[in-house]
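Comments concern the structure below.
The values are calculated or read from the model by the stated rules, or taken from the named source; none is laboratory data. This is a predicted model, so every value here is computed, not measured. Cβ atoms come from the backbone with ideal geometry, glycine included; neighbour counts cover every protein chain shown.
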Amino acid sequence: MISRRKRASAIVLIALIQGSQWLLQIPETWRTLSIQFAISATVFGLILLRDLLRKGGSRPPLGGILLGITFDLLPWLLLSWAGQRLAAGVVPVALCSVPLLLALDSQSSFLRNFSIAGIAGMVLAASSALELRADQWARLLALGAAIALLAFSLAYARRLLVSGVPLAPLLFVEHATAAAAFWLFSLRLPSPHLAAAPPLAALLISALAVNTAAAWLTWWLLAQRDAVRVAALVWPQMVVTLSLSAFLLRQQPGWLMFAGAALMLVSFLALWRQDGKETLIFRVTPAS
């Protein structure tokens, strides 16, 4: 039985890593993303090789190929395109809605209610940066598609993990697929974000912290708890991002930001403190 202390430590680490990654100022281009996923795939591949030498193993989980496309590649493409013309607060609010999208398919009103509360918290925190126009409908559709892909991917990965697929093979196949996909795009298409190459040290830190450590801990938690709760990790991540930006950029946060951050944290803690039978979400057939 995994102790609550270990889960809490993993949650804190994920929130700190994901919420502070913007400090590295790494431009997200086809090539930088391909390199980061290639580094994390190499780490997971070494872990997989060690396990194979110790215990033997089975064929790689083909479901990881699907996750590399639906969880890593396509959402990034859609979010990058949609976010270019949307107000700064729209994309974070949309990302915070993933738990609700998953909870809609559950039988638990508890999950649905606190998922709504988490979104409301982000709306309050980002209220000064929310603006929608009628001519943005195509980008909003792309944003909705990205959120649906993320929700599907979390539910699908949950099914794979509870069916007994080990972490290392799944993450290796997923990240190797994403690295190859981003590299192929870099050969054919101009990058959506044109910028100077980032320092190698920053790229390596990001790959090891975000793509490797945070990804491993997230999938580790997903093997234990349902997809709604794991998707809700975005709420404390947003709180870390808001706190760091307010402190480092010398911003003066208003009471709406404080109230929104508090609501996100309370909603997250309520979800994770509640134990009980977990619901099956998005009944998809796992691949092996």
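Can you name every residue in region 56-80 that is hydrophobic (A, V, I, L, M, F, W, C) and closer than 9 Å to ALA146 by Cβ?
LEU74, TRP76, LEU77, LEU78, LEU79
Being assigned to a helix (DSSP H, G or I) and either modelled with pLDDT under 85 or of a type in the set (Phe, Trp, Tyr) (or both) is the filter; apply it to region 184-206 and report the residue that is nearest to LEU73 (Cα to Cα).
Looking at the filtered set, the residue picked out is PHE185.
Among the residues of region 19-30, are any among the β-branched types (Val, Ile, Thr), touching a residue at least 24 places away in the same chain (Cβ under 8 Å) and not in a helix (DSSP H, G or I)?
yes
Name the single residue, out of those in region 168-180 being of a type in the set (A, V, I, L, M, F, W, C) and modelled with pLDDT of 95 or more, that is farthest from THR32 (Cα to Cα).
The qualifying residue farthest from THR32 (Cα to Cα) is LEU170.
Helices (runs of 4 or more DSSP H) wholly in region 219-278 with at least 3 residues that are among the aliphatic types (A, V, I, L, M) and surrounded by fewer than 23 Cβ atoms within 10 Å (Cβ to Cβ) - which ones?
234-248, 255-273
Can you tell which of ALA181, ALA209 is more than 20 Å from LEU79 (Cα to Cα) and outside any loop (DSSP other than H, G, I, E, B)?
Checking each option against the conditions leaves just ALA209.
For region 44-75, enumerate the residues that are hydrophobic (A, V, I, L, M, F, W, C) and touching a residue at least 60 places away in the same chain (Cβ under 8 Å).
The answer is PHE44, ILE47, LEU48, LEU62, ILE65, LEU66, LEU67, ILE69, PHE71, LEU73, LEU74.
Give me the pairs: first residue in region 126-138 and of a type in the set (Ser, Thr, Tyr), second residue in a helix (DSSP H, G or I), beta-carbon distance under 7 Å, and six or more apart or on different chains, which are they?
SER127/LEU256
If you go through region 67-114 one residue at a time, how many are of a type in the set (Phe, Trp, Tyr) and either buried (at least 21 other Cβ atoms within 10 Å of the Cβ) or assigned to a loop (DSSP other than H, G, I, E, B) (or both)?
2
Please find, among ALA38, ALA10, ALA15, the residue that is more than 16 Å from the chain's Cα centre (by Cα), modelled with pLDDT of 95 or more and crowded, with 16+ Cβ neighbours inside 10 Å.
The conditions single out ALA38.
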